[in-house]
Amino acid sequence: MSNTVPLAALVDWLHRFRTAVTEKRDWLTELDSAIGDADHGANMSRGMAAAVEKVDTTAPATADELFKTVGMTLVSTVGGASGPLYGTFFLRLGATLGAVTEVDPASLAAGLRAGLDGIVARGKAEAGDKTLFDAVAPAIDALDAALAAGEPVSEAAATAAAAAAAGRDATIDLVARKGRASYLGERSAGHMDPGSASATLLFETLAAAVAG
Ligand code: ADP
Ligand code: MG
């Protein structure tokens, strides 16, 4: 099996993520109703539906075009904090991958890392602030470690998804220091962060798409 990721798999990832946030819309909204304003499911499903529709009608020819389309659509269609954050993630990912149709594992990891850096540049989240950072950062650290240990990209992506899920679950005990949930102070503890839940879907669907 090839150890590179073709453009078609990246397109498949976006379709799978759109489907996942749509299927889990009510759950994401429920999480956000506990410590936010009950719109995370609607934000993510509306944004990804628009992004995938744009991708399907314009058929981007390269990875940078693909993720630029997705990032710009998310920024323009999602009003909540998650729109600019996910939008920046995809824009940086695309810019780092460049005009390619095939992505090797190290480039994928570097692109995802650049996406995370974009999230931090935009939202200033740090580890333990109870945000999507707490799922995305451990996922990328795990991806880097797995690739460095010689795992094929499909296994490494699954390892990353498991790390995202562990990070998501660890947000339950945290007190929020960024985003709307931070307005609740100590009362934000005891609830899973909605953004870390959608970000785990992002890595689970990446693993599924890369596995083919
Ligand atoms: P809003 O909070 O504007 O209603 P959403 O409900 O769509 O937007 O998204 C909320 C999620 O966004 C949170 O659960 C959190 O994971 C993430 N988030 C909020 N602020 C930040 C930030 N500054 N940095 C990183 N992630 C953040
Ligand atoms: Mg919200």
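The values are calculated or read from the model by the stated rules, or taken from the named source; none is laboratory data. If you're wondering where the values come from, they're calculated on a predicted model, not measured in any experiment. For neighbour counting, all protein chains shown are included, and Cβ atoms are generated from backbone atoms with ideal geometry for every residue, glycine included. All accessible areas refer to the heavy atoms of the entire protein, side chains included, with ligands and DNA or RNA removed. Shrake-Rupley method; radii C 1.70, N 1.55, O 1.52, S 1.80 Å.
Condition first: of a type in the set (D, E, K, R), within 15 Å of ligand 1 (Cβ to nearest atom), over 26 Å from Ala156 (Cα atoms) and not in a helix (DSSP H, G or I). Can you find one or more residues in the range 40-59 that meet it? No: zero hits.
Can you find a residue that is more than 16 Å from ligand 1 (Cβ to nearest atom) and free of Cβ contacts under 8 Å to residues at least 24 places away in the same chain anywhere in the range 185-193?
We begin by selecting, within the range 185-193, every residue more than 16 Å from ligand 1 (Cβ to nearest atom); these are 186.
When the remaining residues are screened for being free of Cβ contacts under 8 Å to residues at least 24 places away in the same chain, the result is 186.
Yes, because at least one residue in the range 185-193 is more than 16 Å from ligand 1 (Cβ to nearest atom) and free of Cβ contacts under 8 Å to residues at least 24 places away in the same chain.
For the structure I just gave you, tell me whether Arg92 is of a type in the set (Lys, Arg), part of a helix (DSSP H, G or I), under 29 Å from Tyr183 (Cβ atoms) and open to solvent by 10 Å² or more (accessible area, probe 1.4 Å). Working first, answer last.
On the way: of a type in the set (Lys, Arg): yes; part of a helix (DSSP H, G or I): yes; under 29 Å from Tyr183 (Cβ atoms): yes; open to solvent by 10 Å² or more (accessible area, probe 1.4 Å): yes.
Taking the combined requirement at face value, the residue satisfies it.
The single condition among (1) of a type in the set (Gly, Ala, Ser); (2) part of a loop (DSSP other than H, G, I, E, B); (3) out of contact with any helix residue (DSSP H, G or I) (no Cβ under 6 Å at 6 or more places or on another chain) that Ala176 does not meet is (3). Per the conditions (1) in contact (Cβ under 8 Å) with a residue 40 or more places away in the chain; (2) surrounded by fewer than 21 Cβ atoms within 10 Å (Cβ to Cβ), the sole criterion not satisfied by Asp141 is (1).
Is it true that Leu66 is within 16 Å of ligand 2 (Cβ to nearest atom) and under 20 Å from Leu7 (Cβ atoms)? No: the conditions fail for Leu66. Can you say whether Leu202 is surrounded by 17 or more Cβ atoms within 10 Å (Cβ to Cβ), in contact with a Gly (Cβ under 7 Å, 6 or more places away or on another chain), within 27 Å of Thr4 (Cα to Cα) and hydrophobic (A, V, I, L, M, F, W, C), as far as the supplied structure shows? For Leu202, the condition - surrounded by 17 or more Cβ atoms within 10 Å (Cβ to Cβ), in contact with a Gly (Cβ under 7 Å, 6 or more places away or on another chain), within 27 Å of Thr4 (Cα to Cα) and hydrophobic (A, V, I, L, M, F, W, C) - is not met.
Figure legend. Inter-residue proximity from the range 12-40: first residues within 30 Å of Ala59 (Cα to Cα), second residues within 13 Å of ligand 2 (Cβ to nearest atom) and outside any helix (DSSP H, G or I), beta-carbon distance below 6 Å, spacing 6+ or different chains. Indicated pairs: Asp39/Gly80. Inspection of the range 63-72 identifies no residue that is open to solvent by less than 20 Å² (accessible area, probe 1.4 Å), touching a helix residue (DSSP H, G or I) at 6+ places or on another chain (Cβ under 8 Å), within 12 Å of ligand 1 (Cβ to nearest atom) and closer than 16 Å to Leu206 by Cβ.
If you check Leu85, Leu10 for being buried (at least 24 other Cβ atoms within 10 Å of the Cβ), within 15 Å of ligand 1 (Cβ to nearest atom) and part of a helix (DSSP H, G or I), only one passes: Leu85.
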